[in-house]
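Below is one structure, written out as structure tokens, with a few remarks after it.
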Amino acid sequence: MKSKKKKQTKFKIPRLLKSKYTIGLFVLLFASYGVYSLLNTSAYVPKLTLNEGEFTALSPARIHDGKITENETIQVQVTGKGGVPTANVSAVVANITVASPTKAGYMTVFPTGTSLPTASTINFTPASGAIANQISIKIGPDGKINIYNKFGDARVIVDVSGYYATAAGASGSRFVATYPARIFDASVDENTTTPVQIAGKGELPASGIAAVVVNITVAQPTKDGYLTAFPTGEALPDASSINFTAGSGGIANQITLKVGADGRVNVFNPFGTARVIMDVSGYFGATGSRFISVNPDRLDDSSYTENKIKPFKLLGQKGVPPSHVTAVVINVTAATPSKAGYVAVYPFGMPVPDTSTVNFSPSTGAIANQIIAKLGPDGKINVQNRWGNTRVILDISGYFINNDELEVVAYDASKVMPANPNMALYTAGYNIAYGPSASHRFNIHESANRQSVSAANRATLVWFYGGGWENGDNNLTTAYDNIAKHLAAEYGYKLIAANYRKSGEAPYPAQYQDAIALVKFLKANAATYDIDPNRIILGGFSAGGDIATMAGLGYNAPEFQPNFVPANVAQQSALVYRLLTFATPFDKSAWSRSYASNASPIAGLNKLLGNASTSPDYTGYLKLDALQYATNDDPPHYTVMSDSDQVIPFNTQYPALVAIGKRSSTLLQIGGPNKHVSGLDASVSGILEYLK
């Protein structure tokens, strides 16, 4: 849109410098033949489910244009407008334009249903005319956003250009941060539409780009005006991307823009001539990171002297997880500068790039640009003020995460269960029936001080004993059960010691049906047994770990649904909160191939299938494999194995775990002195963090 603004001082608009960072996932690993990944974490990292955090690009569309008065908060409907769906939307990408303000001030955009944060979105003065800032912002449960205006009256315009989905939302694209690269720098004439090649430029692929993240800078315009960037092949929208005034030195706005089918975008300039610069820093395609929005929060507000560089650690701060984060969304505001200049934000550990994030001059007052900032290998960014002194404000509103891989960390003897662990429990319930068989029974064990421990630890651990699906009991008398007893006694978990039908009583899938039936029973009777139905953890050792895994991943599998429970139990969801397993056979087929015929595992697997043969049934074993049930909506899974396990050889299970880890959140600990590994080798602190 067109508006008036004071002439600005000219200054350098630098070129971006390439930088590279690839982030991995974590696994507890000490394998004799190599470490697969060693990215350690100190807290739980969320695993996004289904289509959660995926992006759908839209052609820019105006959804609001109206007046806002001083100290007023208005609500803007987002869902159902401008191509945004009516439901299953977590966040929106919107260009916020402020025009004709009567006073210097700022606006804050934040989700409805939340308190006004200590953060600003866009700053302006009467002299600035129209000014824009594109943001990614979480929306409220009613599909709206709030816009708060602190000072004076102004016109506020909202143009949407995309949205992020919830788990149940539309399948979309994922973000890949690339080496920053300048793809366009030229004079653009009045009333012209200039196509700009996107695909194949810099490190962008030649095809498969749904949208591009590009910083558009306008310098030395001859008239007040604006630019509209939009996909080739589509009509010019009623929307603007960046606004400017005649003679301004430079002003920037980073935008996320849908790319045309030919891999290009159009840039329309209706007024005057101007130098237009476009620097790309990422794209949305079939693979990459997904977005999690957080309520806007202030990261920093500091004075910067000339050439000052200040590092910031983002991992583990302000709602950002401690690992697996590839980029953060930050609003960068420069205020009260003493000279014309710019602030540059770039990955820590890289040289100062020849690029700018926010351009300013003393005449502009405060000016903001929300950016997607790529993190350095240690999860930090640098913020540099290039000229003069200025105040720099950083507000965070989200991050991109990529943890679609198996997670691994190294065995640490200092974190395992103590030699004489606390396992003092009392039996709060004994031989409670959850089904018609005499095997459908469970016991409840608790610590005497359970109610005094942190509420975060008062979850319920349902424990399945091992024994090759044909032996064992739920009396918790083996060393393999000690980790479950310790978690209950020391940290306040309610412990459900489960019995189930063994293979001699009923073959597959009875054992998995029993686990599902028990989960449903506990949820239906949660009040009776003082259980939080949303914090049930399935755990077990060896065959018990398999039962927990198959029920935890296959909770919706038709073949695992019990037909022996009453209707009020059957209607409960079998989805649990977490999985915790030890020495578990995930790929029974690969496991069986490591043994000769008549070996114990083959006999046990055959008996589980109801097969009296002593010969391997490789086809039959396929239906026992966990991978077929792994999806992005599974509960997070902490599993412990040994690379020297002689019962379940590690090399027979690792490929399956890698495949499972690509589909569902799986953390693998490998190592420790025990061979058929027990809870003695588990990192207790790691488990506690993961089970939170």
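Considering only residues that are outside any strand (DSSP E or B), out of contact with any Phe, Trp or Tyr (no Cβ under 7 Å at 6 or more places or on another chain) and open to solvent by 60 Å² or more (accessible area, probe 1.4 Å), look in segment 57-95 and name the one that is farthest from Y399 (Cα to Cα).
Applying the first criterion (outside any strand (DSSP E or B)) to segment 57-95 yields 69-71, 78-88.
The next check asks that each one be out of contact with any Phe, Trp or Tyr (no Cβ under 7 Å at 6 or more places or on another chain); those that pass are 69, 71, 78-83, 85-88.
Filter once more, keeping what is open to solvent by 60 Å² or more (accessible area, probe 1.4 Å): 71, 81, 86, 88.
On the way: N71: 30, K81: 25, T86: 24, N88: 19 Å.
Result: N71.
Taking S573 as the residue in question, decide whether it is under 13 Å from V519 (Cα atoms), open to solvent by 10 Å² or more (accessible area, probe 1.4 Å), out of contact with any Asp or Glu (no Cβ under 8 Å at 6 or more places or on another chain) and among the small types (G, A, S).
The answer is yes for S573.
For A479, work out the one condition from (1) of a type in the set (A, V, I, L, M); (2) open to solvent by less than 10 Å² (accessible area, probe 1.4 Å); (3) in contact with a Ser or Thr (Cβ under 8 Å, 6 or more places away or on another chain); (4) within 28 Å of D645 (Cα to Cα) it doesn't fulfil.
That leaves (2) as the condition not met.
Pairs please, first residue from segment 489-514 and under 22 Å from L575 (Cβ atoms) and in a helix (DSSP H, G or I), second anywhere and open to solvent by 10 Å² or more (accessible area, probe 1.4 Å) and at pLDDT 95 or above, Cβ atoms under 6 Å, 6+ apart in sequence or on different chains.
A510/R501; Q513/P562; D514/R501
If you check V196 against the conditions, is it touching a residue at least 12 places away in the same chain (Cβ under 8 Å), surrounded by 15 or more Cβ atoms within 10 Å (Cβ to Cβ) and over 24 Å from T273 (Cβ atoms)?
no
Can you list residue pairs whose Cβ atoms sit under 7 Å apart, with the first residue in segment 435-447 being part of a loop (DSSP other than H, G, I, E, B) and the second being surrounded by fewer than 18 Cβ atoms within 10 Å (Cβ to Cβ) and among the charged types (D, E, K, R)? Count only pairs 6 or more apart in sequence or on different chains.
Cβ pairs passing all conditions: S439/E505.
How many residues are open to solvent by 50 Å² or more (accessible area, probe 1.4 Å) and assigned to a loop (DSSP other than H, G, I, E, B) if we restrict to segment 614-633?
Selection size over segment 614-633: 3.
Touching a residue at least 60 places away in the same chain (Cβ under 8 Å), surrounded by 15 or more Cβ atoms within 10 Å (Cβ to Cβ) and more than 29 Å from A57 (Cβ to Cβ): does that describe R290?
Details: touching a residue at least 60 places away in the same chain (Cβ under 8 Å): yes; surrounded by 15 or more Cβ atoms within 10 Å (Cβ to Cβ): yes; more than 29 Å from A57 (Cβ to Cβ): no.
No; evaluated as a whole, the condition is false for this residue.
Quick one: count up the residues across segment 394-432 that are closer than 30 Å to K318 by Cβ and either outside any loop (DSSP other than H, G, I, E, B) or modelled with pLDDT of 80 or more (or both).
Final tally of qualifying residues: 15.
For residues in segment 635-687 being out of contact with any Phe, Trp or Tyr (no Cβ under 8 Å at 6 or more places or on another chain) and among the charged types (D, E, K, R), which is least open to solvent (accessible area, probe 1.4 Å)?
Going through the qualifying residues, I end up with D645.
Filter segment 655-675 for residues that are farther than 19 Å from F541 by Cβ, not in a loop (DSSP other than H, G, I, E, B) and not basic (K, R); which is farthest from the chain's Cα centre (by Cα)?
Taking the candidates together, the pick is P655.
Among (1) in contact (Cβ under 8 Å) with a residue 40 or more places away in the chain; (2) touching a helix residue (DSSP H, G or I) at 6+ places or on another chain (Cβ under 7 Å); (3) more than 23 Å from G539 (Cα to Cα), there is one condition L553 misses while meeting the rest; what is its number?
Answer for L553: the failing condition is (3).
Condition first: under 23 Å from D532 (Cβ atoms), touching a strand residue (DSSP E or B) at 6+ places or on another chain (Cβ under 8 Å) and open to solvent by 20 Å² or more (accessible area, probe 1.4 Å). Can you find one or more residues in segment 580-596 that meet it?
At the first step, the residues of segment 580-596 found to be under 23 Å from D532 (Cβ atoms) are 580-581.
If we keep only those that are touching a strand residue (DSSP E or B) at 6+ places or on another chain (Cβ under 8 Å) too, we end up with 580-581.
Narrowing the set further to residues that are open to solvent by 20 Å² or more (accessible area, probe 1.4 Å) leaves none.
Looking through segment 580-596, none of the residues is under 23 Å from D532 (Cβ atoms), touching a strand residue (DSSP E or B) at 6+ places or on another chain (Cβ under 8 Å) and open to solvent by 20 Å² or more (accessible area, probe 1.4 Å).
Pull up segment 31-43, narrow it to residues that are closer than 19 Å to V320 by Cβ and open to solvent by less than 60 Å² (accessible area, probe 1.4 Å), then point me to the one that is modelled with the lowest pLDDT.
This residue is L39.
Residue-wise test of (1) closer than 25 Å to S685 by Cα; (2) not hydroxyl-bearing (S, T, Y).
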residue: V383; (1), (2): no, yes
residue: W387; (1), (2): no, yes
residue: V392; (1), (2): no, yes
residue: S397; (1), (2): no, no
residue: N403; (1), (2): yes, yes
residue: P418; (1), (2): yes, yes
residue: A433; (1), (2): no, yes
residue: H440; (1), (2): no, yes
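The values are calculated or read from the model by the stated rules, or taken from the named source; none is laboratory data. For clarity, every value in this text was computed on a predicted model and none was experimentally measured. Please note: Cβ atoms are built from the backbone with ideal geometry, for glycine as well, and neighbour counts cover all protein chains shown. Note: areas computed on protein heavy atoms with side chains; ligands, DNA, RNA excluded. Shrake-Rupley method; radii C 1.70, N 1.55, O 1.52, S 1.80 Å.
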